[in-house]
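Only one structure is covered here, and it is reproduced in the block below.
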Amino acid sequence: MFGLVGRAVESLYYVCVGLWTVAKHTGRAPITKEFPDTMPDLPGAFRGRLALAVNPETSEHLCISCRQCERVCPDKCIDITAHKSPETGKLELIDFKIDHGLCMFCGLCTEVCPTTCIINTNDFEMSDYSREALIYDLKKLTLTQDESAHYFSKKYLPIPKPKPKPAPKPAAAAAKPADGVAAPAKPAPPAAKPAEGAAAAKSAPAATDKPAGDAAATKPTAEKKADDSKDSEKEKAAPEPSAAEGKAEPDKTEG
Amino acid sequence: MAPEKIEALTSTRLKTDEMIINMGPQHPATHGVLRLLLTLDGEFVKHVEPVVGHLHRAQEWQGQNRTWFQYQALIDRVDYLSGMFTSWAMARAAEKVDGCQVPLRGEYMRVIVSEMNRITSHLLWLGTYGIDLGAMFGFPFYPFREREKLLDLLEAISGQRMMFNYIRIGGVQSEAPPGWFAKVSEFVKEFPDRVDEYEAILTNNPIFIKRTKGVGILKKQLALDYGVTGPSLRASGVPLDLRKTKPYSVYDRLKFEVPIHEGDGDTFDRYVLRVKEMRESNEILRQCLEQIPGGTADELRERRKACNSCGKADCSNCGGDLMIMAKKQNAGLRIKAGEGFDAIESPRGILGCYIISTGGDTAYRFKWRNPSFCNLAALPDLLIDHPIADIMAIFGSIDVILPDVDR
Ligand code: SF4
Ligand code: SF4
């Protein structure tokens with residue numbers, strides 16, 4: 001009998017100790033965050049949505065179309081369209097697509113990128129109504145100069161000035177000797193330009209189907225194209241409307 | 001059935017037929033998707049058959065079909081509560097095959113992040129174990145509060161809360177961001193007080209004791225027979241902890257106890273042991289922060305200003321022990337031909353990885369020895385003759401994580 005009373009008292013004591021600990025917590029400041037109102041303070045290393053940075057100082061696109069990121073991606077969700085520019089002989093980026101629906105945010109692509117172009121931003125709110133909307137194209141991926149500057153400083157290590165000069169200057173320098181020295185090379189670009197204009201005109205109906213942003217993104221690059229790029233232009237134009245259709249369909253069904 | 005047995009059954013009028021029911025795969029209290037095929041006699045369990053494989057993702061096959069570099073990112077997903085350990089096991093096995101030597105600072109960083117990971121894993125276990133036992137009110141959130149702090153720190157250093165991809169073949173991926181070490185030592189200081197709080201609520205609570213003492217006794221011999229490892233084995237009184245019995249990395253330089261519980265190995269002992277282990281991990285963290293060559297990342301950055309972070313192997317600020325990575329991490333990461341096995345002590349037990357490499361950029365064969373799978377094997381024996389209400393108490397106490405079982 002006495003043992004039972006003793007045990008009851010002991011139990012009560014320990015329950016009270018526990019409850020006192022719980023009671024102490026009521027006096028403490030809450031640790032939960034009201035998410036949509038207070039955004040979490042994310043560290044620079046955070047692996048969120050992928051984006052392509054521009055040079056924070058010159059606003060020039062950092063991608064050199066080396067396709068390292070495309071090659072390393074375990075999920076094969078990066079799709080790069082690039083061609084060799086006939087004028088400068090350098091690779092030029094036409095389109096860059098990342099399917100964020102496939103991406104697992106491992107960050108391997110950002111590690112292998114030689115120019116720290118592709119980076120993980122701190123943005124994680126990217127839910128959308130269709131899977132197609134998660135495929136981001138070049139325009140959607142490219143960060144503004146300010147955003148790039150922000151992420152370059154936030155991520156500490158990447159160098160903010162990854163040689164802005166070599167890209168435009170050697171390009172210009174390469175173009176000049178080509179003009180001066182290699183005479184046969186000279187007529188080619190002007191000859192290509194009217195043809196290119198025709199090509200652009202041909203692809204114009206296709207282009208009108210595209211979203212305005214996409215067309216704007218392809219036009220500046222299209223001007224620099226040569227005959228051999230027509231094929232790639234056609235290839236690119238072909239899947240594009242289907243993608244547009246794909247986008248339209250879910251909308252219809254939803255409507 | 002033998003005639004006398006049938007007679008015994010019919011003589012007690014209350015006895016009815018045995019019933020077979022499914023528990024899972026989507027039972028809210030199973031941590032993951034485990035299906036238990038229970039044969040019940042009234043309230044009591046007569047036979048259990050765990051049906052595994054619902055979360056099978058062919059992790060070994062994936063390892064054989066992806067490059068070393070790519071697979072490193074996937075491997076955290078095997079045991080998502082302690083991703084550092086799976087990465088570490090693979091890295092150690094690959095380093096053994098490759099013969100590359102991890103720099104000392106890299107080893108210390110590995111111990112720091114993985115001990116932090118061990119604490120988060122045990123904290124999550126503690127919180128969800130409270131839920132398994134019916135403590136739905138507020139307790140689960142106390143461990144989660146500390147876990148959140150640690151996950152934030154791990155996120156700051158690795159980039160993600162759980163899929164770290166931080167420990168790599170040859171070292172660790174990056175140096176800590178500014179102020180990281182200070183935050184870790186702050187945590188290390190306050191953590192013992194927090195553990196006292198959990199203990200004040202649980203350890204002597206009469207309801208908790210009633211639910212756990214004498215329930216699900218895992219006998220020493222049975223545990224050894226089934227190959228149970230980790231805290232569940234140590235709670236049964238077998239002092240097997242690879243960190244102590246076969247020290248790897250820098251564990252031989254650290255002073256810590258391996259808690260052994262000399263009880264019967266019941267559910268309560270496993271609880272006590274994990275709480276003790278959290279304290280020990282905290283102690284390991286404290287020592288690592290003191291011993292790490294080069295000091296904190298901030299100090300090291302100051303020192304490296306002198307040589308402008310040259311990164312040369314013979315530099316007194318960048319090279320030697322102060323490096324964190326011995327092998328260049330790029331898409332073409334290759335491991336020399338050979339085969340090797342290495343095991344580490346994960347929060348759930350001995351986690352081993354066996355590798356055959358042919359020298360290319362993909363592995364020829366991967367084999368994982370997952371502690372959860374072996375620990376789960378002992379579950380049927382533990383559940384027999386316990387009421388249904390105890391199933392979750394026992395299952396929770398052996399701390400199985402289902403992706404680790406099915407991989
Ligand atoms: S983060 Fe990983 S999965 Fe996503 S695009 Fe980059 S490499 Fe591919
Ligand atoms: S690795 Fe970088 S530079 Fe190369 S294609 Fe990808 S984003 Fe462009």
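Observations
- Residue within the stretch A:86-104 that is within 15 Å of ligand 2 (Cβ to nearest atom), within 14 Å of another protein chain (Cβ to nearest Cβ) and touching a strand residue (DSSP E or B) at 6+ places or on another chain (Cβ under 6 Å) present: no
- Restricting the search to helices (runs of 4 or more DSSP H) fully inside the stretch B:151-247 and requiring at least 3 residues that are surrounded by 21 or more Cβ atoms within 10 Å (Cβ to Cβ) and in contact with a Leu (Cβ under 9 Å, 6 or more places away or on another chain) gives B:180-202, B:231-235.
- Residue in the stretch A:47-59 that is in a loop (DSSP other than H, G, I, E, B), at the interface with chain B (Cβ under 10 Å from one of its Cβ atoms) and either within 29 Å of the chain's Cα centre (by Cα) or surrounded by fewer than 17 Cβ atoms within 10 Å (Cβ to Cβ) (or both) present: yes
- A search for C-beta distances below 6 Å between a residue of the stretch A:136-163 that is within 14 Å of chain B (Cβ to nearest Cβ) and farther than 25 Å from A:D99 by Cβ and any residue that is assigned to a loop (DSSP other than H, G, I, E, B) and at pLDDT 75 or above, counting only pairs 6+ apart in sequence or on different chains, returns A:K154/A:G44.
- The criterion of at least 2 residues that are of a type in the set (G, A, S) and over 19 Å from the mean Cα position of the chain (by Cα) is met, among strands (runs of 3 or more DSSP E) falling completely within the stretch B:322-407, by B:338-346.
- None of A:I135, A:I64 is modelled with pLDDT of 85 or more, under 26 Å from B:A73 (Cα atoms) and more than 9 Å from ligand 1 (Cβ to nearest atom) except A:I135.
- Pick from the stretch B:50-102, criterion among the acidic types (D, E) and within 20 Å of the chain's Cα centre (by Cα), ranking: nearest to the other protein chains (Cβ to nearest Cβ): B:D76
- Residue ID - nearest to the other protein chains (Cβ to nearest Cβ), chosen from residues in the stretch A:62-85 that are of a type in the set (S, T, Y) and touching a residue at least 60 places away in the same chain (Cβ under 8 Å): A:T81
- Among the residues of the stretch B:82-134, the one identified as within 28 Å of B:T203 (Cβ to Cβ), of a type in the set (A, V, I, L, M, F, W, C) and without any contact (Cβ under 8 Å) to a residue 60 or more places away in the chain is B:L124.
- Selection count, the stretch A:115-135, where residues are within 14 Å of chain B (Cβ to nearest Cβ) and either hydrophobic (A, V, I, L, M, F, W, C) or within 13 Å of ligand 2 (Cβ to nearest atom) (or both): 5
The values are calculated or read from the model by the stated rules, or taken from the named source; none is laboratory data. Values in this document were obtained by computation on a predicted structure and should not be read as measured data. Cβ sites come from the backbone with ideal geometry, for glycine too, and all protein chains shown count toward neighbours.
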